[in-house]
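**Student:** Encoded as structure tokens, here's the structure I'll be asking about.
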Amino acid sequence: MRRVAASLALLSVSTAAYAQDSGRPVAFIACPVVRDTALPCWLSSDGRKLYFLGVQQDLAAEFYPPQLKHRVLVEGYDMGGPDICGGTPLRDIRVSVMPEVSPECDEIIPAQGFQAPPALRGAGPSERHGPPAPRDPPPAPPFVEKTYSVPYPFDSERLRNRTINQLRDAAAYAIASRSPRLTVTGYRAGVRLESGVLAELEDIASLRAEKVRDVLIALGVAPEAITVRTADVSHTATGEQDWRQRRVDIRIEMP
Amino acid sequence: MVGALGITVIGCAYRQTNGPVVPGHVPSQAEQARVAPVEAAQDTVGNDPHWIKPGAAITLPASAEYPNANGSVGFLAAGVTETAGHPFFTPLGENGRACVTCHQPSDAMSVSVETVQRRWRLTNGRDSLFAAVDGSNCPSLPQGERASHSLLLDHGLFRIFLPWPGRSADGKPVEPEFDIEVVRDPSGCNLDPVYGLKSANPMISVFRRPRPVGNLKYVTWALPALVNIKSGLLMDRDPETGQQVGQNIMSDSRQPTLRTQAVEASLVHLQARTAPSRETLSRLVEFQLGIYFAQSRGKQVNYTAPGAPPALGPAALAGGKPGVLGDNLYNSVFLDFDAWRTKAPKDKKSVTAFKQSVARGSDLFLKRTFWIRDSANLNSIGLGNPIKRSCATCHNSQMTGMDNGPGWIDLGTTTQPTAPDMPHLPLFKLTCHAKARPHPYLGRVVFTHDPGRALISGKCADIGSITLQQMRGLSARAPYFSNGSAKTIEAIVDYYDTRYKIGYTKQERRDLVNFLSAL
């Protein structure tokens, strides 16, 4: 069971202290909408303001768009910048697709003269060879204890293309440094909304950690070197950068 | 543990004693196949010049063409094959069938419903094609009566029976995320006391088309990705070699390799008592990997003539490179059709019109964008729902139009409300457990004619997902989709047009049909 720990006197996140330099923290769950621009734009409103979330890309991109028929958790900072595609952009944006089906979230809105910002890939087939993904050089001494942190969307243990690359880097470092011990810690987090704290699925921490463990082993890390732990930090949600807690840490220890 | 088939658990998979690896779901299937009646087949050829009878002793040329309604399909093998004693052409089991029974060169290495009907007429239903085990709606029905074989005769569908709950590679039950209820069972097999879900050997029966056996270097190619982009899990591996596999063999990707597929086919479709030897499997796989097929002629056009578009004809497939991602404008799925965009000096008007139509169809396939939506294992894997893309987004693998990655997607062909009305097929109600994640677009209660990949993975997210198949040789092997729901190539285009509200014009529809017919 989870999950909403109601808060009696919550400050509205949307009206929380406004930090002039970093913007106003925003965290809400709502239906996304997609704008029928040549390259689709994704937007969502917290009931007061329409926010620009990002544009359609492919799986190599940092931004994975929302899904109609699902609500979306939007987190970021409202910097008050000029609108994009009719919505206010958010700095440091994180978008999580909520797992349950929400049939009411089903709106495609017309382009209305808006244009999507440029992207590496447009709609339809790609037009040029993509640039090779930048990769770190192979690990080299001196080796020191190091922690890799793998982020996740809310309620998800799914590994994205970029996070798989992080695991490759972590495994390469562990193998090159002959680390005797890796501690994989999966976290269960929460997000503070106006209505209270919404905690992730109860078993999400172990799902995340076990999956990372499996991948590290497939990448050549010795199973006996890996210790798996879980931590529930869902009660620590503040409404600001709660996404940082949705993660798996891989601590690579030195002999 | 050693079971009835002499099978031993060896950790990651079963291995038959001194024999090949047998993945986990197969022993249950084999047990049912042993129960199903075997009747003496009368594999007379009759007036059927292109039919290859199991056990026939013929010389199969290295190159051949076979006529069909749109021209002819071309067949290439690695060399001349003497079929006598060759395991692909030899009955390996009890029911008289061989691999070739359902994988005929004249039918682009599948078997069309037209051929099925012809075989029924020529043999009065006694061809081994109609074996009770899966060539009838259910083995418990009176064999030899047309009504008992209606799914095969009318829709080209064979019964695929899988243990429920499913089995992992090592034979352990997969804990499903959903419960299955049989809502409708026109074949009677899902409720049958011997063959059904509540039998002593619980089995679900779905009905599927046989996939073509050819162009397999493309089908078996393995994306060098660590994690399966559909499931988020590690990619499957070959239980014999430990090498990563592509997970694109069969409509539910249940078999990792051609060798394991051949084991299942022998024990189940052919009702063999024991799995083929390793040597036999090697011969089968070697032969299959040497086969290429594609439409080679239209009604008026030779697709392999000098100057023809470079992806057409079977030799193009033999010479191509597998694993090339073609969802792009610089090295496209079916290369280019530029040679057919302008009139050739000697071409008749009707020939020019056809060639230009095919070229326009290739453009539509590659470039025409539309909203692709509510398709689990496509929209749900991070691309967004909907996405504005083209046919080539899913059909992205160069030369075949398969998916370069593990290709199961719920295109809606088997799930309500998007599946066509198919009263002849079973209908199941699947209810996802409270703790499971639901199907991403159909929710926690799904009605389906075929749960597809979910029968293997046990995941709600996979309900209705069917692995994309290659788009070659279509003119020789109607009907289409895994459940045969598209009787014609036109019906394929119409399904997508309706499903995704594309709005093709009459000319666009014709162009796409011509394009697909030429592959």
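**Student:** Of the residues B:Val213, B:Val219, only one is modelled with pLDDT of 95 or more, closer than 21 Å to B:Gly473 by Cα, touching a Phe, Trp or Tyr at 6+ places or on another chain (Cβ under 9 Å) and buried (at least 21 other Cβ atoms within 10 Å of the Cβ); which? Write out each step before concluding.
**Tutor:** On the way: B:Val219 fails: touching a Phe, Trp or Tyr at 6+ places or on another chain (Cβ under 9 Å).
One residue alone meets the criteria, B:Val213.
**Student:** Report yes if some residue within the range B:428-435 is within 17 Å of the chain's Cα centre (by Cα) and either at pLDDT below 95 or not basic (Lys, Arg) (or both); otherwise report no.
**Tutor:** Going through the range B:428-435, the residues within 17 Å of the chain's Cα centre (by Cα) turn out to be none.
Within the range B:428-435, none of the residues are within 17 Å of the chain's Cα centre (by Cα) and either at pLDDT below 95 or not basic (Lys, Arg) (or both).
**Student:** Hey, another quick one. Mind telling me which of the residues B:Gly246, B:Gly242 ends up being in a loop (DSSP other than H, G, I, E, B), small (Gly, Ala, Ser) and without any contact (Cβ under 8 Å) to a residue 60 or more places away in the chain?
**Tutor:** Details: B:Gly246 fails: without any contact (Cβ under 8 Å) to a residue 60 or more places away in the chain.
After applying the criteria, what remains is B:Gly242.
**Student:** For the range B:320-361: of the residues being within 11 Å of chain A (Cβ to nearest Cβ) and either over 23 Å from B:Lys388 (Cα atoms) or touching a Gly at 6+ places or on another chain (Cβ under 6 Å) (or both), which is surrounded by the most Cβ atoms within 10 Å (Cβ to Cβ)?
**Tutor:** Looking only at the range B:320-361, we keep the residues that are within 11 Å of chain A (Cβ to nearest Cβ), and these are B:325-333.
In the following step, the residues that additionally are either over 23 Å from B:Lys388 (Cα atoms) or touching a Gly at 6+ places or on another chain (Cβ under 6 Å) (or both) were identified as B:332-333.
Values: B:Ser332: 22, B:Val333: 26.
So, considering only residues that are within 11 Å of chain A (Cβ to nearest Cβ) and either over 23 Å from B:Lys388 (Cα atoms) or touching a Gly at 6+ places or on another chain (Cβ under 6 Å) (or both), the one surrounded by the most Cβ atoms within 10 Å (Cβ to Cβ) is B:Val333.
**Student:** What number of residues within the range B:249-270 are within 23 Å of B:Leu325 (Cα to Cα) and not in a loop (DSSP other than H, G, I, E, B)?
**Tutor:** Of the residues in that region, 1 qualify.
**Student:** Quick check, is B:Thr393 modelled with pLDDT of 95 or more, within 10 Å of chain A (Cβ to nearest Cβ) and not in a strand (DSSP E or B)?
**Tutor:** Values: modelled with pLDDT of 95 or more: yes; within 10 Å of chain A (Cβ to nearest Cβ): yes; not in a strand (DSSP E or B): yes.
Yes, satisfied.
**Student:** While we're looking at this one, here's another question. Which one of B:Val351, B:Val324 is of a type in the set (Val, Ile, Thr) and in contact with a Ser or Thr (Cβ under 9 Å, 6 or more places away or on another chain)?
**Tutor:** On the way: B:Val351 fails: in contact with a Ser or Thr (Cβ under 9 Å, 6 or more places away or on another chain).
Every option except B:Val324 fails the conditions.
**Student:** Quick one: count up the residues across the range B:401-421 that are at pLDDT 95 or above and charged (D, E, K, R).
**Tutor:** Result for the range B:401-421: 2.
**Student:** In the range B:424-463, how many residues are assigned to a loop (DSSP other than H, G, I, E, B), among the small types (Gly, Ala, Ser), crowded, with 19+ Cβ neighbours inside 10 Å and within 13 Å of chain A (Cβ to nearest Cβ)?
**Tutor:** Of the residues in the range B:424-463, 0 are assigned to a loop (DSSP other than H, G, I, E, B), among the small types (Gly, Ala, Ser), crowded, with 19+ Cβ neighbours inside 10 Å and within 13 Å of chain A (Cβ to nearest Cβ).
**Student:** Do you know which of the residues in the range A:117-166 that are hydrophobic (A, V, I, L, M, F, W, C) and at pLDDT below 95 is surrounded by the most Cβ atoms within 10 Å (Cβ to Cβ)?
**Tutor:** Looking at the filtered set, the residue picked out is A:Leu159.
**Student:** Kindly indicate whether any position in the range A:178-187 is among the small types (Gly, Ala, Ser), within 22 Å of A:Arg94 (Cα to Cα) and away from chain B (no Cβ under 14 Å). Full working, then the answer.
**Tutor:** Within the range A:178-187, the subset among the small types (Gly, Ala, Ser) is A:179, A:186.
From what's left, within 22 Å of A:Arg94 (Cα to Cα): A:186.
Cutting the leftovers down to away from chain B (no Cβ under 14 Å) gives us A:186.
Checked against the condition, which is being among the small types (Gly, Ala, Ser), within 22 Å of A:Arg94 (Cα to Cα) and away from chain B (no Cβ under 14 Å), the range A:178-187 yields at least one hit.
**Student:** On to the next question. Test B:Asp511 against the criterion of being free of Cβ contacts under 8 Å to residues at least 60 places away in the same chain, farther than 23 Å from B:Ile160 by Cα and more than 14 Å from chain A (Cβ to nearest Cβ), and give yes or no.
**Tutor:** On the way: free of Cβ contacts under 8 Å to residues at least 60 places away in the same chain: no; farther than 23 Å from B:Ile160 by Cα: yes; more than 14 Å from chain A (Cβ to nearest Cβ): yes.
It is false that B:Asp511 is free of Cβ contacts under 8 Å to residues at least 60 places away in the same chain, farther than 23 Å from B:Ile160 by Cα and more than 14 Å from chain A (Cβ to nearest Cβ).
**Student:** Name the residue that is farthest from the other protein chains (Cβ to nearest Cβ), counting only residues in the range A:44-57 that are more than 23 Å from A:Arg246 (Cβ to Cβ) and surrounded by fewer than 23 Cβ atoms within 10 Å (Cβ to Cβ). Steps first, answer last, please.
**Tutor:** So the first thing to find is which residues in the range A:44-57 are more than 23 Å from A:Arg246 (Cβ to Cβ), and the list is A:45, A:47-50, A:55-56.
Imposing the further condition that a residue be surrounded by fewer than 23 Cβ atoms within 10 Å (Cβ to Cβ) reduces the set to A:45, A:47-50.
Working: A:Ser45: 18, A:Gly47: 23, A:Arg48: 24, A:Lys49: 22, A:Leu50: 18 Å.
Top of the filtered list is A:Arg48.
**Student:** Something else now. Among the residues of the range A:107-125, what is the count of those that are touching a residue at least 40 places away in the same chain (Cβ under 8 Å) and within 30 Å of B:His395 (Cβ to Cβ)?
**Tutor:** Residues of the range A:107-125 that are touching a residue at least 40 places away in the same chain (Cβ under 8 Å), as a first pass: A:107-112, A:114-117, A:119-123.
Still in the running and within 30 Å of B:His395 (Cβ to Cβ): A:107-111, A:115-117, A:119-123.
Matching residues across the range A:107-125 total 13.
**Student:** In addition: So, in the range B:241-264, how many residues would count as being surrounded by fewer than 22 Cβ atoms within 10 Å (Cβ to Cβ) and of a type in the set (Gly, Ala, Ser)?
**Tutor:** Count: 1.
**Student:** Restrict the check to the range B:479-498 and report whether at least one residue is without any contact (Cβ under 8 Å) to a residue 12 or more places away in the chain and either within 14 Å of another protein chain (Cβ to nearest Cβ) or under 21 Å from A:Ser102 (Cβ atoms) (or both).
**Tutor:** no
**Student:** Now for a different question. Anything in the range B:101-115 that is surrounded by fewer than 24 Cβ atoms within 10 Å (Cβ to Cβ), of a type outside the set (S, T, N, Q) and out of contact with any Ser or Thr (no Cβ under 8 Å at 6 or more places or on another chain)? List them, or say none.
**Tutor:** B:Val113, B:Glu114
**Student:** Does any residue in the range A:212-235 that is part of a loop (DSSP other than H, G, I, E, B) come within less than 9 Å, Cβ to Cβ, of a residue that is aromatic (Phe, Trp, Tyr) six or more places away or on a different chain, and which pairs are these?
**Tutor:** A:Val233/A:Tyr187
**Student:** Specify the residue that is nearest to the chain's Cα centre (by Cα); the eligible residues are those in the range A:72-122 that are of a type in the set (Asp, Glu) and within 14 Å of chain B (Cβ to nearest Cβ).
**Tutor:** First, the residues of the range A:72-122 that are of a type in the set (Asp, Glu): A:75, A:78, A:83, A:92, A:100, A:104, A:106-107.
Right, trim to within 14 Å of chain B (Cβ to nearest Cβ) and you get A:100, A:104, A:106-107.
Details: A:Glu100: 18, A:Glu104: 24, A:Asp106: 23, A:Glu107: 23 Å.
Selected residue: A:Glu100.
**Student:** Follow-up question, since we're still on this one. For residues that are away from every other protein chain (no Cβ under 11 Å) and in contact with a Phe, Trp or Tyr (Cβ under 8 Å, 6 or more places away or on another chain), tally how many sit in the range B:224-246.
**Tutor:** Qualifying residue count for the region: 1.
**Student:** Regarding B:Asp421, is this residue among the charged types (D, E, K, R), in contact with a Ser or Thr (Cβ under 7 Å, 6 or more places away or on another chain), within 30 Å of B:Phe365 (Cβ to Cβ) and part of a loop (DSSP other than H, G, I, E, B)?
**Tutor:** Details: among the charged types (D, E, K, R): yes; in contact with a Ser or Thr (Cβ under 7 Å, 6 or more places away or on another chain): no; within 30 Å of B:Phe365 (Cβ to Cβ): yes; part of a loop (DSSP other than H, G, I, E, B): yes.
Answer is no for this residue.
**Student:** Return the residue satisfying two criteria in turn: it lies in the range B:147-189 and is of a type in the set (S, T, N, Q) and either assigned to a loop (DSSP other than H, G, I, E, B) or within 15 Å of B:Lys459 (Cα to Cα) (or both), and of such residues it is modelled with the lowest pLDDT. Walk me through how you get there before you give the answer.
**Tutor:** So in the range B:147-189, the residues of a type in the set (S, T, N, Q) come out as B:148, B:150, B:168, B:187.
Subset that is either assigned to a loop (DSSP other than H, G, I, E, B) or within 15 Å of B:Lys459 (Cα to Cα) (or both): B:168, B:187.
Values: B:Ser168: 84, B:Ser187: 97.
Among those residues, the one meeting the criterion is B:Ser168.
**Student:** Restricting to the range B:273-296, name every residue that is within 16 Å of B:Cys102 (Cα to Cα) and either polar (S, T, N, Q) or not in a helix (DSSP H, G or I) (or both).
**Tutor:** B:Gln288, B:Ile291, B:Phe293 - these are the residues of the range B:273-296 that are within 16 Å of B:Cys102 (Cα to Cα) and either polar (S, T, N, Q) or not in a helix (DSSP H, G or I) (or both).
**Student:** Answer yes or no: is there a residue in the range B:485-496 that is charged (D, E, K, R) and in contact with a Ser or Thr (Cβ under 8 Å, 6 or more places away or on another chain). Talk me through it step by step, then tell me what you get.
**Tutor:** To start, the set of residues in the range B:485-496 that are charged (D, E, K, R) comprises B:487, B:490, B:494.
With the extra rule that they be in contact with a Ser or Thr (Cβ under 8 Å, 6 or more places away or on another chain), the set shrinks to none.
No, there is no match, as no residue in the range B:485-496 is charged (D, E, K, R) and in contact with a Ser or Thr (Cβ under 8 Å, 6 or more places away or on another chain).
**Student:** Only one of these conditions is not met by B:Leu364: (1) facing another protein chain (nearest Cβ under 10 Å); (2) assigned to a helix (DSSP H, G or I). Which number is it?
**Tutor:** Of the numbered conditions (1) facing another protein chain (nearest Cβ under 10 Å); (2) assigned to a helix (DSSP H, G or I), the odd one out for B:Leu364 is (1).
**Student:** I would also like to ask the following. Just to be sure I understand, how many residues within the range B:297-330 are farther than 28 Å from B:Thr220 by Cβ, assigned to a loop (DSSP other than H, G, I, E, B) and free of Cβ contacts under 8 Å to residues at least 40 places away in the same chain?
**Tutor:** Summing the residues that are farther than 28 Å from B:Thr220 by Cβ, assigned to a loop (DSSP other than H, G, I, E, B) and free of Cβ contacts under 8 Å to residues at least 40 places away in the same chain in the range B:297-330 gives 3.
The values are calculated or read from the model by the stated rules, or taken from the named source; none is laboratory data. Bear in mind that the values here come from a model prediction, so they are computed numbers and not experimental data. Note that we place each Cβ from the backbone using ideal geometry, even for glycine, and neighbour counts take in every protein chain shown.
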